[in-house]
Amino acid sequence: MRILFNLNLILLMLALCSFSSCQDSKDKTDEQEKPEVPATGDVTVYVTTNNRSQDFRKQAADFSKKSNMSPTTIKLQPATRYQTMDGFGAAITGSTCFNLMKMTKENRAKFLKETFSPTEGMGQSYIRISIGCSDFSLSEYTLCDTPGLENFALTSEETEYVIPILKEILAINPEVKIMGSPWTPPRWMKVNNLTDLQPFNSWTSGQLNPVHYGDYADYFVKWIHAFEEQGINIYSVTPQNEPLNRGNSASLFMGWREQLEFVKNHLVPKFKAAAFKTKIYLFDHNFNYDNMPDQNDYPVKIYDAGIDADVVAGAAYHNYGGDKSELLDIHQKYPDRELVFTETSIGTWNDGRNLEVRLIEDMREVALGTINNWAKGVIVWNLMLDSDRGPNREGGCQTCYGAVDIDRSNYSTITRNSHYYIIGHLSSVVKPGAVRIGTSGFSDAGFSFSAFENTDGTYAVVLLNGNAASKTITIDDGTHHFAYDVPAKSVISYRWKK
């Protein structure tokens with residue numbers, strides 16, 4: 001009896017062992033059967049999810065050798081061609097440069113390479129700087145605060161902060177384009193209004209004295225020459241940042257008639273005399289023209305009046321009021337004029353550090369939204385602010401976050417916010433000179449995407465899945481196709497050779 005009991009016990013133990021081994025084997029087999037994402041392949045892929053489970057993760061995919069029968073196929077149409085892209089980036093303000101200079105040289109080099117290198121980083125390619133101060137400079141100033149253009153000179157903010165950082169960026173990526181925008185002219189050029197013409201000794205508001213239109217045009221020329229002497233070429237300028245905003249800590253009101261007169265009869269002739277290739281973009285303000293009926297279609301009114309098309313390339317826009325569809329409206333009225341998107345902010349008012357919210361909305365509205373409405377460049381506001389949203393000044397934005405924020409306690413720990421990712425997802429695969437091309441096939445209310453043909457013989461697609469569920473999407477260029485499981489609430493960038 002005891003022998004039989006022991007025998008049954010042994011058999012039971014063997015059976016349990018066998019089941020356990022099989023179960024272990026099954027688990028291991030299941031794990032092994034899960035497809036691993038290849039490190040290299042036909043398609044380079046970057047993925048960011050809004051919960052940071054994938055943080056600009058570089059992956060790869062291979063072309064399929066099977067026939068494509070997928071109902072969720074995005075078909076590229078290279079024969080349908082839209083705008084040529086100039087690039088993507090952020091503003092390199094005085095505050096940004098101050099924070100970057102607080103980092104160790106090694107940490108700064110690492111961050112700038114990650115941001116600007118076209119081979120080892122995101123390859124950001126278009127940046128905006130202020131001509132004189134902005135509301136994110138260390139103080140209010142212009143480059144000629146003493147009356148008389150003979151007193152024009154670069155200040156310590158340029159020589160100690162902005163120019164050194166620009167040189168480090170250009171050493172990493174010499175092809176980076178630079179746009180300059182003034183927040184205010186020298187105060188001695190300002191008047192209270194165009195009727196009284198009384199001196200207006202204030203950084204905030206005022207208007208440009210018509211007597212000084214020529215002087216102010218010379219100021220632009222001197223500024224461009226001063227940066228050229230530092231080995232820094234200026235690709236483009238706008239005549240005035242937010243010309244309808246009187247309330248910024250440094251600001252100037254410049255209605256469309258004033259801008260027409262200043263640009264047409266002073267700035268353009270001076271640029272031509274200097275043989276500049278620098279482009280001029282009009283306006284540089286909100287989609288809704290700050291709800292001023294007489295300023296609606298601001299750049300269109302200037303085009304209608306007649307202005308040089310070789311130097312005045314187009315118009316620039318911000319999104320602090322109105323809708324991105326205004327870009328399409330302007331394009332339809334003047335399809336030969338260019339459009340660039342030059343400023344947007346995140347901050348305490350729009351839950352700016354919450355990637356779960358901002359990644360989806362900013363990708364849809366700012367990045368893909370402006371591009372799909374003909375913008376050929378996308379630039380966000382400060383590249384880097386500190387963990388206290390600064391340095392900032394009274395009268396300027398004290399509630400803004402940067403594309404990245406750096407911890408003031410160590411100037412080392414960096415938090416990457418939505419604006420860093422939306423620009424990086426564009427710049428990593430869409431290179432300057434790329435042409436936006438058409439697509440057909442798959443569409444879904446939660447998805448947004450743009451397709452491009454780069455000059456190096458590659459295609460690129462940048463895609464947003466704003467839905468709460470993943471979906472397998474197939475991309476087909478007519479020669480190759482590949483499928484990829486797009487995670488929920490994510491942004492994906494693809495690039496591959498034709």
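The values are calculated or read from the model by the stated rules, or taken from the named source; none is laboratory data. These numbers come from a predicted model, not from an experiment. Here Cβ is always computed from backbone atoms with ideal geometry, including for glycine, and neighbour counts include all displayed protein chains. Note: areas computed on protein heavy atoms with side chains; ligands, DNA, RNA excluded. Shrake-Rupley method; radii C 1.70, N 1.55, O 1.52, S 1.80 Å.
Taking the Cα centre of the chain as origin and assigning +1 to Lys and Arg Cβ atoms and -1 to Asp and Glu Cβ atoms, the resulting dipole is close to 1180 debye.
The range 227-275: which GluC sites (Glu not before Pro) are DSSP loop and have at most 10 other beta-carbon atoms within 10 angstrom? Intermediate values should be presented prior to the final figure.
On the way: sites: 228, 229, 258, 261; in loops: 229.
For GluC sites (Glu not before Pro) across the range 227-275 that sit outside H, G, I, E and B with at most 10 neighbouring Cβ atoms in 10 Å, the list reads 229.
Stretch residue 479-residue 275 to full length: gain in nm at 0.36 nm per residue minus the Cα-Cα span? Full-extension gain reported as 68.9 nm. Averaging 1/r over every pair of different alpha carbons in the range 203-257 and inverting the result gives a Kirkwood radius of 12.6 Å.
Taking the centroid of alpha carbons for each part, the range 70-115 and the range 184-238 are 30 Å apart.
Taking 0.36 nm per residue of separation and subtracting the Cα-Cα distance, full extension of the segment from residue 119 to residue 105 would add 3.0 nm. Within the accessible area of the chain, the carbon and sulfur atoms contribute 50%, probe 1.4 Å, all protein chains present.
Per residue, the convex hull spanned by the alpha carbons of the range 414-498 comes to 107 Å³. Axis of helix 2-33 versus longest Cα principal axis of the chain: the two differ by about 30°, to the nearest ten degrees. When only the Cβ of Lys, Arg, Asp and Glu is charged (+1, +1, -1, -1), the dipole of the range 393-491 relative to its Cα centre reaches about 260 debye.
Can you bin the range 330-436 into rounded, prolate or oblate? Criterion: square roots of the alpha carbon gyration tensor eigenvalues sorted a ≥ b ≥ c, rounded for a/c under 1.5, prolate for a/b above b/c, oblate for the rest.
Details: a/c = 2.26, a/b = 1.84, b/c = 1.23.
Since a/c reaches 1.5 and a/b is larger than b/c, the shape of the range 330-436 is classed as prolate.
Computed with the Debye formula from one identical point scatterer per Cα of the chain, without solvent, the log10 of I(q)/I(0) at q = 0.06, 0.07 Å⁻¹ comes to -0.32, -0.41. If the viscosity is 1.567 mPa s and the temperature 4 °C, what Stokes-Einstein diffusion coefficient in µm²/s follows for the range 29-156 when Rh is the Kirkwood radius over Cα pairs? D, rounded to a whole number, is 64 µm²/s.
For the range 118-155 versus the range 298-346, the spacing of their alpha-carbon centroids is 23 Å.
Can you run the Rg to Rh ratio on the range 368-425? Use alpha carbon positions and the Kirkwood inverse-distance Rh. Mind showing how you got there, number by number?
Details: Rg = 13.4 Å, Rh = 12.6 Å.
We get a ratio of 1.07 for the range 368-425.
Which one of 466, 148, 307 has its Cα pushed farthest toward the positive end of the charge dipole of the chain, where Lys and Arg give +1 and Asp and Glu give -1 at the Cβ? Selected residue: 466. The slack in the chain from residue 328 to residue 170, taken as 0.36 nm per residue of separation less the alpha-carbon distance, amounts to 53.6 nm. The fraction of Cα-Cα pairs per 5 angstrom bin, counted from 0 for the range 231-383, comes to 2, 9, 18, 22, 20, 15, 9, 4, 2, 0, 0 percent, rounded to whole percents.
With the Cα gyration tensor of the range 139-265 in hand, give its eigenvalues times 5 under a square root as the equivalent ellipsoid semi-axes, listed largest first in whole angstrom. Mind showing how you got there, number by number?
Numbers: eigenvalues 146, 46, 37 Å².
Square roots of five times the eigenvalues give 27, 15, 14 Å.
Could you give the C-alpha radius of gyration of the range 325-382 expressed as a fraction of 2.2 N^0.38 Å, taking N as the number of residues it contains? It would help to have the intermediate numbers written out before the result.
Numbers: Rg = 12.9 Å, N = 58, 2.2 N^0.38 = 10.3 Å.
So the Cα radius of gyration is 1.25 times the expected 2.2 N^0.38 Å.
Applying a DSSP loop filter and a limit of 15 other Cβ atoms within 10 Å to the chymotrypsin sites (Phe, Trp or Tyr not before Pro) in the range 401-433 leaves nothing.
With Cβ to Cβ distances under 15 Å as the rule, what net charge do the other residues near residue 435 carry (K, R +1; D, E -1)? Don't skip to the answer; put the middle values down first.
Working: positive: 81, 376, 431, 436, 495, 498; negative: 86, 338, 453, 456, 477.
It works out to a net charge of +1.
Only helices enter this figure: runs of n ≥ 4 DSSP H residues, each worth -39500 (n - 2.57), summed and divided by the residues of the chain, yield -8000 deg cm²/dmol at 222 nm to the nearest 500.
Divide the volume of the convex hull around the Cα atoms of the range 94-206 by the residue count and you get 109 Å³ per residue.
Here each label is just a point 7 Å from Cα along the line to Cβ, and for residue 470 and residue 62 those points are 1.9 nm apart.
I need the GluC sites (Glu not before Pro) found in the range 99-195, filtered to DSSP loop residues with at most 11 other beta carbons within 10 Å of theirs. Mind dumping the intermediate values first?
Details: sites: 106, 114, 120, 140, 150, 157, 158, 160, 168, 175; in loops: 120, 140, 175.
Filter output for the range 99-195: 120.
Over the range 52-91, the pair-distance histogram of Cα-Cα distances with 10 Å bins from zero comes to 15, 25, 42, 17, 2 percent, rounded to whole numbers.
The heavy atoms of residue 458 offer some 10 square angstrom of accessible surface to a 1.4 angstrom probe.
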